[in-house]
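First comes the structure, then the notes that go with it.
The values are calculated or read from the model by the stated rules, or taken from the named source; none is laboratory data. Everything quoted here is computed from the prediction, not taken from an experiment. When we count neighbours, we look across all protein chains shown, and the Cβ atoms used for this are built from the backbone with ideal geometry, even at glycine.
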Amino acid sequence: MSEPAIEPLIVVGVDGSRHSVEAVRWAVEQARLMGGRVHAVMAWDWNRNPFALGMAEARFAEQEAVTAEEAARRKLADAVTAAVGASPGVPVFRRVEQGSPAQVLVDASKEADLTVVGTRGYDGFKGALLGSVSQQVVQYSAGTVVLVRENENEDENEDEDEDEGAGDSGNGA
């Protein structure tokens with residue numbers, strides 16, 4: 001008897017930025033082409049030091065951690081829906097894990113056939129070629145990594161909108 005073939009796994013890093021939404025679109029299209037599945041992964045981190053907190057503060061910190069994880073779940077769901085809608089045509093699983101984004105994605109890459117990230121996320125600045133998370137994933141990933149750039153036309157439109165906004169604020173109107 002032959003074993004059933006396992007669908008190729010594509011892991012895609014998501015932080016809710018436009019770059020990560022483009023990465024999700026690309027990953028889903030690639031999964032469609034290769035008959036694979038997608039794990040959209042979002043990391044969240046809650047830095048707490050139990051030695052610096054009293055009992056009441058520790059309980060509050062635990063509640064806040066649950067709130068942060070739930071916020072990450074909602075943000076991931078919104079980003080995936082924005083990228084590919086409610087019926088993407090391939091299996092897309094959403095994974096929210098605690099930890100630093102780069103480490104979570106590098107760990108996830110160990111089980112993936114392909115890892116996909118956007119070129120930069122929310123904390124990137126305009127001139128950066130790669131964000132710090134993307135750079136670490138490329139450097140330490142266990143397998144092949146695809147970097148997806150944001151649609152250049154959208155970037156140009158954003159620049160125009162920002163220029164217009166800056167000009168309007170100084171005219172007193």
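Numbers below:
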{"item": "Any hit, segment 31-39, residues being at pLDDT below 90, of a type in the set (G, A, S) and farther than 14 Å from V116 by Cα", "result": "no"}
{"item": "Test: residue in segment 57-68 that is assigned to a helix (DSSP H, G or I) and modelled with pLDDT of 95 or more", "result": "no"}
{"item": "All positions within segment 10-30 that are in contact (Cβ under 8 Å) with a residue 60 or more places away in the chain, part of a helix (DSSP H, G or I) and acidic (D, E)", "result": "E22"}
{"item": "Hits in segment 90-106 (condition: assigned to a strand (DSSP E or B) and either surrounded by 21 or more Cβ atoms within 10 Å (Cβ to Cβ) or at pLDDT 95 or above (or both))", "result": "V92, F93, R94, R95, V96, E97"}
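To keep it simple, each residue is scored yes or no on (1) of a type in the set (S, T, Y); (2) within 17 Å of V14 (Cα to Cα); (3) modelled with pLDDT of 95 or more.
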{"position": "P88", "(1), (2), (3)": "no, yes, no"}
{"position": "V117", "(1), (2), (3)": "no, yes, yes"}
{"position": "G124", "(1), (2), (3)": "no, yes, no"}
{"position": "S132", "(1), (2), (3)": "yes, yes, no"}
{"position": "T144", "(1), (2), (3)": "yes, no, yes"}
{"position": "E158", "(1), (2), (3)": "no, no, no"}
